[in-house]
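Below you'll find the structure, written out as structure tokens, and then a few comments.
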Amino acid sequence: MSTERTFVIVGASLAGASAAETLRHDGFDGRIVLIGEEPQRPYQRPPLSKDYLRGEAGPDKVYLHDEGFYAEQQIDLRTSTRVAAVEPGAGQVLLQDGERLGYDRLLLATGAAPRRLAIPGSELPGVHALRTLEDSERLREAITAASRVVVVGAGWIGSEVAASARSMGAEVVLIERGTLPLERVLGPEVGAVYRDLHTDHGVEFVSETGVDAFDGAGSVEEVRISDGRRIACDLVVVGVGAAPRVELAQAAGLDVDDGVAVDERLETSVPGVFAAGDVAAAWHPFYQARIRVEHWANALNQGPAAARSMLGTGAAYERLPYFFSDQYDLGMEYTGYAPSWDEVVFRGDPAKREFIAFWIRDGLVVAGMNANVWDVTGPIGELIRQRRPVDRSRLADPDVPLEDLWKS
Ligand SMILES: Cc1cc2nc3c(=O)[nH]c(=O)nc-3n(C[C@H](O)[C@H](O)[C@H](O)COP(=O)(O)OP(=O)(O)OC[C@H]3O[C@@H](n4cnc5c(N)ncnc54)[C@H](O)[C@@H]3O)c2cc1C
């Protein structure tokens, strides 16, 4: 018998769709409305800067579920539908077309949007950002037609797009405001591995420079950088980070703190309203801090965790942050959270691009990254959770099993 309760999920992507799936899996027999402004059924984004962008993988790889899944599961999936407002007092969401939907529980899984550069020429044709399936398809066509691509920002998406564009045969210039790719997260030692990886593949890496303008008659032809130089190109990809989509939450009076502030069960400051994925700044019991993680595994796991909290069976979400990246023939996984550290210890040779790097703070391992080394994220996570001082030489020694580091 139906409970006749209605759970509404705003954002039909990884966090939202995995929450809907869990609600049904865990026996919720009320109404589930999954609302997304994009025209497609839920898909995942990591392939959009990798094999899907390069045309090596088809749409099958990106969709989270078969087309019939939502109807079979009686999930009312509303694509191309934007939620204009959340009204917690009335327990309703207002859709852009004026329809109001009442809810008993609400999940905000509105994700993040690419940051734009507020500089002249940002709107010129040929200047791209990458977030959606259409962005990736447009970019694939544009890279195929381009001879010289400038990527602004050597973060994860910029670095992956640079690698893909290079693999597709374009000349690539990668511009970074800092000194090295990915330096903010990985630091100089591992950032240098990525710089060398790109330059070895023929990317021109231009560091320590901002971008002042994009110029061109009709479409982009030049990037003007801060030292006055002009870099010729016929395509620009801007990858300067993403901002959480907190507008609905903010307007509804929910606490917002970088992302939508939630407790360890992913409930917002308004009871009955939850948030998960890129948009959520969640209290993390292990770190005793609120953290917002913009990565695939976090959305994949927080969606179900939020669903259980909506059902009243939830527990604290305490998975360690985890992400992966693939660039050329270098695949990596990173486990942990290290906003600061004292030193980096390598196990293996970074120059050979087959290693594990450990970030150490106050003598404890706070994060680990395995690069072209596999099946070690379990032990790396355990090393972090153990919070026991480690012997640097044993940490660096590939002959010492990682498990032995916390057992001894
Ligand atoms: C190109 C690219 C490559 C990536 N590669 C990796 C990778 O290699 N490894 C990794 O760990 N992570 C990667 N990520 C990050 C990962 O994809 C995100 O962490 C994940 O998509 C977050 O899922 P989400 O459901 O929280 O949010 P999103 O995927 O951003 O989805 C939010 C959805 O909500 C919708 N929405 C927002 N507001 C409204 C509204 N008012 N009404 C209706 N709908 C709304 C949006 O349109 C969107 O569809 C990548 C991201 C991108 C863009």
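Bear in mind these aren't lab numbers, they're just calculated from the coordinates by the rules spelled out. Just so it is clear, the structure is predicted and the values come from calculations on it, not from any experiment. Cβ atoms come from the backbone with ideal geometry, glycine included; neighbour counts cover every protein chain shown.
Looking at the stretch 128-141, can you tell me whether even one residue there is more than 14 Å from the ligand (Cβ to nearest atom), surrounded by 24 or more Cβ atoms within 10 Å (Cβ to Cβ) and not aliphatic (A, V, I, L, M)? No, the stretch 128-141 contains no residue that is more than 14 Å from the ligand (Cβ to nearest atom), surrounded by 24 or more Cβ atoms within 10 Å (Cβ to Cβ) and not aliphatic (A, V, I, L, M). Would you please name the residue that is nearest to the ligand (Cβ to nearest atom), looking only at residues in the stretch 71-95 that are touching a residue at least 40 places away in the same chain (Cβ under 8 Å) and charged (D, E, K, R)? The residue in question is Arg82. Examine the stretch 260-281 for a residue that is among the hydrophobic types (A, V, I, L, M, F, W, C) and surrounded by fewer than 16 Cβ atoms within 10 Å (Cβ to Cβ), and state whether such a residue exists. No, that holds for no residue.
When only residues in the stretch 243-258 that are free of Cβ contacts under 8 Å to residues at least 60 places away in the same chain and assigned to a strand (DSSP E or B) count, which is farthest from Leu94 (Cα to Cα)? Restricting to residues being free of Cβ contacts under 8 Å to residues at least 60 places away in the same chain and assigned to a strand (DSSP E or B), the top hit is Asp257. For the stretch 96-119, filtered to residues that are more than 8 Å from the ligand (Cβ to nearest atom) and surrounded by 18 or more Cβ atoms within 10 Å (Cβ to Cβ), the residue that is nearest to Thr81 (Cα to Cα) is Leu101. Inside the stretch 379-408, residues that are touching a strand residue (DSSP E or B) at 6+ places or on another chain (Cβ under 6 Å), part of a helix (DSSP H, G or I) and farther than 19 Å from Tyr337 by Cα make up a count of 2. Screening the stretch 269-281 for residues that are under 17 Å from Gln250 (Cβ atoms) and more than 14 Å from the chain's Cα centre (by Cα) and picking the one that is farthest from the ligand (Cβ to nearest atom) gives Ser269.
Just to check your reading of the model, which residue among Ala142, Ala118, Ala129 is free of Cβ contacts under 8 Å to residues at least 12 places away in the same chain and of a type in the set (Gly, Ala, Ser)? Please lay out each step first, then the result.
Numbers: Ala142 fails: free of Cβ contacts under 8 Å to residues at least 12 places away in the same chain; Ala129 fails: free of Cβ contacts under 8 Å to residues at least 12 places away in the same chain.
When all the criteria are applied, what remains is Ala118.
Pick out, from the stretch 45-145, the strands (runs of 3 or more DSSP E) lying fully within it that include 1 or more residues that are over 30 Å from Gly314 (Cβ atoms).
Values: elements: 75-78, 83-87, 92-95, 100-102, 105-108, 112-114.
Of the strands (runs of 3 or more DSSP E) lying wholly inside the stretch 45-145, those with at least 1 residues that are over 30 Å from Gly314 (Cβ atoms) span 112-114.
Only residues that are surrounded by fewer than 14 Cβ atoms within 10 Å (Cβ to Cβ), charged (D, E, K, R) and more than 21 Å from Val193 (Cβ to Cβ) were counted in the stretch 358-384, giving 1.
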